[in-house]
Structures are given as structure tokens and as C-alpha cells.
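Reading through the C-alpha cells given below for one structure.
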Amino acid sequence: MKNMCEKCSMNATFLKTDKDGLVHYYCDHHTPEGATRIGEAPKPESNLKKFLPLIVIFSSILLFTFLTSIFHGSFDITFSMRMMMGSFFAVFGLFKVFNLKAFADAYSTYDILAKRSRAYAFTYPFLELLIATLYLTNTGGLYRDIFTFILMVVSTVGVIQKIREKEVIPCACLGMVFKIPMTWVTLIEDMLMALEAFFMTVMTLGLPLAYADNTTTLMQTLKIHTTAEWVQYSALGHWIVGGFIAFVFLTSILERFKVRWGTVFVKYISPLVLITLGLSMSIVDVIYHAIYSDSSAVWYLLTHISQFGQHFLIGVLLFTAGISEWIRTRRNKQILSFVVPAAIFLIGTVFFFHQQLGIVSSVAESMNWHMFFGAMLVIGATFRILDILFFEEQKWFFVIWIIAVLVGSGMMATYHEPEGSYQLPVNATISETNI
């Protein structure tokens with residue numbers, strides 16, 4: 001039996017389901033918008049339409065951050081990040097509170113803590129509102145940043161598990177006010193907040209060290225080398241790290257696209273170069289300084305001056321990355337694929353703590369550069385880890401990783417110490433006492 005049009009007596013050729021699930025039939029002359037031809041599968045909702053509420057909310061948060069930063073008077077990256085994170089958690093927390101039970105039900109399906117504790121699922125929206133208050137009022141400081149970072153990492157783990165299982169479930173990011181599916185968008189949302197909290201943490205810890213009065217420290221370093229020699233040494237160190245990033249980039253490209261001649265490079269050349277760079281940054285580094293001074297002076301540099309201890313640590317990380325690549329390419333240990341991005345992540349973190357030596361203006365300029373470069377490494381390494389986890393599903397993780405390492409290696413290769421680096425203030429003189 002054929003269905004008849006609701007508007008006339010003609011045979012129905014289209015159907016439409018209303019919000020209550022009832023099906024209505026229409027002919028060609030009375031077809032409403034959104035109707036589907038009988039016998040055809042309904043057109044899937046576009047991704048843009050699915051995520052329109054999320055796009056509008058994110059745009060509003062970015063606009064709020066931009067306007068508050070302008071009215072703040074001068075550009076301050078920490079202020080802008082606080083405003084963005086505060087408004088983010090305020091908006092998303094409020095949407096979750098609107099229907100607490102529905103949110104708790106949805107959140108318990110994927111969050112690793114909410115699965116085990118119903119109370120945590122109900123408490124989570126209020127934790128977000130608390131974090132929002134702390135960021136917007138600039139209270140809590142380091143403890144706030146660490147707590148936020150841990151909270152978002154825990155949330156991210158559950159999201160990654162569900163995406164890898166390829167199970168289609170609703171996302172609880174906006175409560176259940178809007179029906180948004182669990183996708184990569186949810187993962188990026190959690191990762192963005194985790195990375196921002198991480199950056200806030202390392203800046204809180206690292207900036208006092210990097211901008212500290214370094215006159216005494218610089219006096220000690222100038223007993224071993226002149227200002228010009230330290231500038232040359234610094235350039236060499238940056239080239240080594242830049243070379244490491246460049247070789248990691250080439251290895252990623254050759255492996256990804258299975259270049260025929262790339263096997264020799266990936267299996268032999270790249271690991272050996274990484275090992276050599278690591279040794280150059282650590283053991284050779286110590287020998288280089290010892291040539292100009294005695295062993296006690298070199299030991300003082302490594303144990304009392306954070307900049308040089310960090311150089312040694314970076315060398316150890318490079319060496320470890322090279323050894324892991326040597327083993328991975330021979331024994332096919334895929335778990336070792338995470339060692340290189342982990343090393344890059346840690347090196348990026350070190351740059352937030354990297355003590356700068358020289359006059360005030362050179363320290364400020366150099367620190368800004370190192371913070372930007374460190375951020376590029378951390379972001380790139382994060383997306384490389386995601387690329388390894390979701391190799392087949394999402395190609396653009398690899399694209400972001402490649403862009404980050406390209407920018408990073410280019411910055412390192414072209415970096416020059418700003419004017420005034422490794423120079424004492426005009427009123428300071430080098431002490432004649434021994435180290």
C-alpha cells in the first residue's frame with residue numbers, strides 16, 4: 001500500500017521524521033525542507049552543523065580573550081592564557097551544570113575516573129567552575145596550574161581510549177545541552193587545555209630562574225671563556241639541537257612514505273647521527289670546557305650553573321633517542337617509537353627553564369625566543385605521539401608534527417645570540433678569586 005501526501009491525495013514521494021519520531025509523507029509539490037526521497041538513505045548531517053555550537057562558543061572565548069588582552073594595556077602572554085582558560089572552564093562548566101544527571105551519565109561512559117566513581121562524575125562540572133574562578137581572579141598560581149594539567153590529562157586518557165575503540169558515543173563537553181559526537185574535536189579540546197596548563201606551570205617555574213640576576217654566574221663562566229667564545233659555543237649547541245630535529249624530520253618523512261632508499265638512512269645513518277650529537281652535547285661538551293680550564297671548573301659549571309647542566313641533560317636525551325632508534329629499527333619494537341617524541345617534549349620543556357646570561361635586554365630577548373621554540377617542540381612532540389597512536393585514522397596529526405619540527409629546526413639553525421649576551425653590566429668586574 002502506497003503512502004499518501006498529507007497535504008493532498010497524491011502518492012507520497014518524500015518523507016520526514018519529526019522531533020517526536022513520527023514519520024510524515026509528502027508529494028513532489030508539498031515537500032518541506034529537510035525531507036528525504038522515499039527509498040533513499042537520509043543525508044548525514046554535515047560536520048559543520050554538528051559542531052556549530054562548539055565553533056560559536058570557541059569563537060566567543062577567543063573574542064573575549066582578545067578584548068580583555070587589549071584592555072589590559074600591554075601584551076602579556078600569561079594574562080591572555082589565564083583569560084582564555086578561565087572563560088573556557090566557566091562556559092563549559094556552566095553547560096555541564098544545566099543538566100547534571102545527563103552529564104554524569106554521559107561522562108561515566110568514557111572518563112577513567114567517572115567510570116569508577118559516580119560522585120566524581122557529579123563533582124567534575126564544579127571542579128571546572130572552581131578552576132575558572134581561580135584563573136579569572138589570578139589565584140592559586142602554580143598549584144592551580146598543576147591541578148588543571150593533571151585533571152585534563154586524566155580526561156584526555158579516557159577520550160583517547162574511546163576514539164581508539166571507534167565507538168560512537170555522545171560527547172559530554174557541553175553537558176547534554178547540545179548533542180555533539182565524541183570525535184577528534186573533543187580530544188583536541190582536552191589537549192589544548194592540558195598544554196596551556198603545562199605551559200603556565202613551566203613558565204611559573206622557569207621564568208624566575210631565567211630572569212634571575214646572573215651577574216655572579218656570568219663572572220664565573222667568563223673565567224673559562226671570553227664572551228666571544230661563549231657566543232660561538234652557544235651557536236654550536238643550537239646547531240646540534242637543530243640538526244637533531246632535522247634528522248628526526250627526515251626519518252619521519254622517509255618512514256611515512258616508505259621511500260625505497262630511506263631504509264639505510266632510517267636504520268643506520270639517523271640513529272648514529274643522533275648518538276653522535278648526544279655525545280657532542282654531553283661528553284665532548286665537558287672535554288671542550290676542560291681544554292680551557294681544569295676539571296674542577298668544569299664540574300662547577302655542571303653542578304652550579306643551570307644553563308650548562310641543562311646542556312648536559314639535552315645531550316643525554318639526544319643520546320638516549322639515538323640508542324632507542326637503533327634498537328627500534330632492528331627489533332621492530334614499536335613501543336620505542338615514543339622515545340624520540342618524549343625526548344623532544346622534554347627538551348622543549350627545558351627551554352622554558354633555560355637560564356640566560358648577559359645584560360637585561362639580551363636576557364629578555366633570548367628568553368622570549370627560547371620559550372617560543374620550546375612551545376613548538378612540546379606541541380610538535382604531542383602531535384607526534386598522537387600520530388603514532390592513530391597512524392591510520394588521522395593524517396593531519398602528522399602534518400602538524402612536520403610543520404612544528406620544520407619551524408623548530410629552522411629557528412635553531414638561524415639563531416644568533418642577541419647583542420649583550422654573555423656580557424657583564426658596566427658596573428661589574430670579574431673577580432680574581434678562583435672558582
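Which of (1) touching a residue at least 24 places away in the same chain (Cβ under 8 Å); (2) touching a Pro at 6+ places or on another chain (Cβ under 9 Å) does residue 383 not meet, given it meets every other one? Residue 383 satisfies all of (1) touching a residue at least 24 places away in the same chain (Cβ under 8 Å); (2) touching a Pro at 6+ places or on another chain (Cβ under 9 Å) except (1). Which residue, of 256, 328, is over 20 Å from residue 378 (Cβ atoms), buried (at least 18 other Cβ atoms within 10 Å of the Cβ), assigned by the TED database to the domain that holds residue 380 and not aromatic (Phe, Trp, Tyr)? None of the other options fit; the residue is 328. Is it fair to say residue 316 is assigned to a helix (DSSP H, G or I), more than 24 Å from the chain's Cα centre (by Cα), in the same structural domain as residue 398 (by the TED database) and not small (Gly, Ala, Ser)? No: the conditions fail for residue 316. Just one of the numbered conditions (1) modelled with pLDDT under 65; (2) within 27 Å of residue 173 (Cα to Cα) is not true of residue 50: (1). Of 78, 137, all but one fail to be of a type in the set (Ser, Thr, Tyr) and in contact (Cβ under 8 Å) with a residue 60 or more places away in the chain; the exception is 78.
Looking only at the range 386-435, residues that are more than 30 Å from residue 365 (Cβ to Cβ), modelled with pLDDT of 85 or more and among the acidic types (Asp, Glu) come to 1 in all. Just one of the listed residues (311, 304, 289) is touching a residue at least 12 places away in the same chain (Cβ under 8 Å) and either charged (D, E, K, R) or within 20 Å of residue 346 (Cα to Cα) (or both), namely 311. Restricting attention to the range 128-172, the residues that are surrounded by 14 or more Cβ atoms within 10 Å (Cβ to Cβ), farther than 23 Å from residue 97 by Cα and aromatic (Phe, Trp, Tyr) add up to 0. Per the listing 130, 113, the residue uniquely free of Cβ contacts under 8 Å to residues at least 40 places away in the same chain and assigned by the TED database to the domain that holds residue 164 is 130. Considering (1) in contact with a Phe, Trp or Tyr (Cβ under 7 Å, 6 or more places away or on another chain); (2) crowded, with 20+ Cβ neighbours inside 10 Å, the lone condition that residue 95 does not fulfil carries the number (1). If you go through the range 155-181 and pick out every residue that is free of Cβ contacts under 8 Å to residues at least 60 places away in the same chain, farther than 24 Å from residue 83 by Cβ and outside any loop (DSSP other than H, G, I, E, B), you end up with 6. Please determine, by comparing only the residues of the range 110-145 that are part of a helix (DSSP H, G or I) and of a type in the set (D, E, K, R), which one is farthest from residue 57 (Cα to Cα). Looking at the filtered set, the residue picked out is 118. Taking the stated definitions as given, is residue 326 over 19 Å from the mean Cα position of the chain (by Cα) and part of a helix (DSSP H, G or I)? Yes: the conditions hold for residue 326. Evaluating residue 210 against the criteria (1) among the hydrophobic types (A, V, I, L, M, F, W, C); (2) modelled with pLDDT under 80; (3) over 29 Å from the mean Cα position of the chain (by Cα) leaves one unmet condition, (3). Listed conditions (1) surrounded by 17 or more Cβ atoms within 10 Å (Cβ to Cβ); (2) out of contact with any Gly (no Cβ under 9 Å at 6 or more places or on another chain) are all met by residue 106, apart from (2).
The values are calculated or read from the model by the stated rules, or taken from the named source; none is laboratory data. Only a predicted model underlies this, so the values are computations on that prediction, with no experimental measurement involved. Here the Cβ is made from the backbone with ideal geometry for all residues, glycine too, and neighbour counts use every protein chain on show.
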